[in-house]
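Let me begin by presenting the structure, written as structure tokens, before commenting on it.
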Amino acid sequence: MIIMRFRTLTYEELKLLEDEFKHFLIVNHLYKEEWESLNARNPQKAQEIVALFSDTVLEKVYHKINFLELRTPYCFSIYHNEKESVKTIQIQSPDKKHLLEKNEEIEKALNHHYRELDIYFGNKKYEKTKADFVFELLEQGCQISNETVWHAFSSFIGQGKTPTH
């Protein structure tokens, strides 16, 4: 039974990482002939090795993701994933009068209907690790964001605007 921390890389992802996977096999004393033999005679064990490689790669990838965002029709959340904690800004339209999915909608709501929005700030230590937190948010539908988006929201909200919450 394979117990994974994250997920198995897709075939396309594995193809892109073919050289890294070969190196991973060599480091684990599995050379081409041995890998082919293992794959043929014990596919379950081969899948476990692919799972271990997947977790190793994704741990590194997720650890490097510093910004995520989640957009739904009436809620926009952005996360700044620091080393040991995450900062969050969440903007909600509680009465569902203002859409918050597209940049133009968010900008319009913030500029013209600020007092009708609920704005939340948060800062929380990770319960597990940064990589686990990022994985969970990606599984919930978050997309990778960037520092520019984070700073745009944090500076807008910090410039004389007083959050309602």
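The values are calculated or read from the model by the stated rules, or taken from the named source; none is laboratory data. Remember, it's a predicted structure, so these values are computed and weren't measured experimentally. Note: ideal-geometry Cβ built from the backbone for every residue, glycine included; neighbour counts use all protein chains shown.
Given the conditions (1) in contact (Cβ under 8 Å) with a residue 24 or more places away in the chain; (2) under 25 Å from N146 (Cα atoms), report the number of the one that K64 does not fulfil.
So the condition that K64 fails would be (1).
In region 48-101, which residue that is in a strand (DSSP E or B) and among the aromatic types (F, W, Y) is farthest from T129 (Cα to Cα)?
Within region 48-101, the match that is farthest from T129 (Cα to Cα) is F76.
Working only within region 103-114, note down all residues that are free of Cβ contacts under 8 Å to residues at least 24 places away in the same chain and either closer than 18 Å to N146 by Cβ or not in a loop (DSSP other than H, G, I, E, B) (or both).
N103, E104, E105, E107, K108, A109, N111, H112
Being in contact (Cβ under 8 Å) with a residue 60 or more places away in the chain and not charged (D, E, K, R): is that true of F53 here?
No, not satisfied.
Restricting attention to region 80-94, does a residue exist that is at pLDDT 95 or above, in contact with a Ser or Thr (Cβ under 9 Å, 6 or more places away or on another chain) and over 30 Å from D118 (Cβ atoms)?
no
For region 38-96, enumerate the residues that are more than 14 Å from the chain's Cα centre (by Cα) and acidic (D, E).
E48, D55, E84, D95 - these are the residues of region 38-96 that are more than 14 Å from the chain's Cα centre (by Cα) and acidic (D, E).
Return yes when T88 is among the hydroxyl-bearing types (S, T, Y), in the same structural domain as A152 (by TED's automatic domain parsing) and touching a Gly at 6+ places or on another chain (Cβ under 7 Å) and no when it is not.
yes
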